[in-house]
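**Student:** Here you go, one structure.
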Amino acid sequence: EAANKVQASGQGHAWLVQNEFETVYGKEEVVDSQAVYNTGKLHKLVAAYEKTKEAAFATCDKVVSSYADEKKRLKMKKLQKTVIGKTMGAWGSEKYGMKPKKVDAFEFYVERLQYLREEVLSEQTAAKTKALPSAFVSFSSSRAQAMASQTMLCEDTSSWETGPAPGPDELVWDN
């Protein structure tokens, strides 16, 4: 029945959660609801993007420090990086092949970061369709929260869990 409601409304999982809680507890009691999505692949892509970005910054720092030293500046060559395409998945294999290859470091980092950024944006969009059977719901009062914690919305008592929001000192933000 829930899937039929989502299809009929043209909305997603977040709308379904919001609608169900507003129906049960009233619109004035439900402040907000946020669906939980499967972002496992997205986390890996973001980690790869951050690692590549840090390597690019380190390369820039190396060039700047070399340029500051006049003796090194005269000996500076085009900065190259050895790339093994197969270690970067399909993109790397297609672009650089299977054997180690020397490429311009700055061109590599620019291309890799652009590719990873496109993949992150694509996966963000795809993650919105991979809703987990979980959501965060905020109530306007502790009374409404207590009422929600005492009434189970499913026969399986382990499927719904309610509790007060964590305090600010309990939250850890990556960004």
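The values are calculated or read from the model by the stated rules, or taken from the named source; none is laboratory data. Bear in mind that the values here come from a model prediction, so they are computed numbers and not experimental data. Here Cβ is always computed from backbone atoms with ideal geometry, including for glycine, and neighbour counts include all displayed protein chains. We work out accessible area using only protein heavy atoms, side chains counted, and drop any ligands, DNA or RNA first. Shrake-Rupley method; radii C 1.70, N 1.55, O 1.52, S 1.80 Å.
**Student:** Taking only the alpha-carbon positions of segment 80-120 and ignoring solvent, what does the Debye formula give for the base-10 log of I(q)/I(0) at q = 0.22, 0.29, 0.31 Å⁻¹?
**Tutor:** Result of the Debye calculation: -0.66, -1.03, -1.11.
**Student:** So what does Lys128 come to for accessible area, using a 1.4 Å probe and Å² rounded to 10?
**Tutor:** Rounded to the nearest 10, the figure is 140 Å².
**Student:** Return the FRET efficiency for the residue pair Lys78, Glu50: r is the Cβ-Cβ distance, R0 is 30 Å, and the value is rounded to the nearest 0.05.
**Tutor:** Values: r = 26 Å, r/R0 = 0.87.
Working from the Cβ atoms, E equals 0.70.
**Student:** Still on this structure: Could you report the accessible area of Phe106 in Å², rounded to 10, computed with a 1.4 Å probe on the protein chains as they sit in the structure?
**Tutor:** 80 Å²
**Student:** Turning to a different aspect of this structure: Please calculate the 1.4 Å probe accessible area of His43, with all protein chains present, and give it to the nearest 10 Å².
**Tutor:** My reading of the accessible area for His43 is about 110 Å².
**Student:** Which order do Asp61, Asp169, Asp104, Asp32 take by accessible area at a 1.4 Å probe, largest first? Before the final figure, lay out each step's value.
**Tutor:** Working: Asp61 105, Asp169 140, Asp104 30, Asp32 65 Å².
If we order Asp61, Asp169, Asp104, Asp32 from most to least accessible, we get Asp169, Asp61, Asp32, Asp104.
**Student:** According to the Cα gyration tensor, what semi-axes, each the square root of 5 times an eigenvalue, does the equivalent ellipsoid of segment 14-110 have, listed from largest to smallest in whole Å?
**Tutor:** Details: eigenvalues 487, 79, 9 Å².
Ellipsoid half-lengths, sorted descending, are 49, 20, 7 Å.
**Student:** Something else about it: Using a 1.4 Å probe and counting only protein heavy atoms, arrange Leu42, Leu116, Leu121 so the residue with the most accessible area comes first.
**Tutor:** Numbers: Leu42 25, Leu116 5, Leu121 80 Å².
Listed by decreasing accessible area, they come as Leu121, Leu42, Leu116.
**Student:** At 1.4 Å probe size, put Arg112, Arg117 in order of accessible surface, largest to smallest. Before the final figure, lay out the partial values.
**Tutor:** On the way: Arg112 30, Arg117 135 Å².
Largest to smallest exposure gives the sequence Arg117, Arg112.
**Student:** May I pose another question? I'd like the carbon and sulfur percentage of the solvent accessible area for segment 24-71, probe radius 1.4 Å, heavy atoms only, ligands and nucleic acids excluded. Could the numbers behind the result be given before it?
**Tutor:** On the way: 1900 of 3330 Å².
Ligands and nucleic acids excluded, carbon and sulfur give 57 percent.
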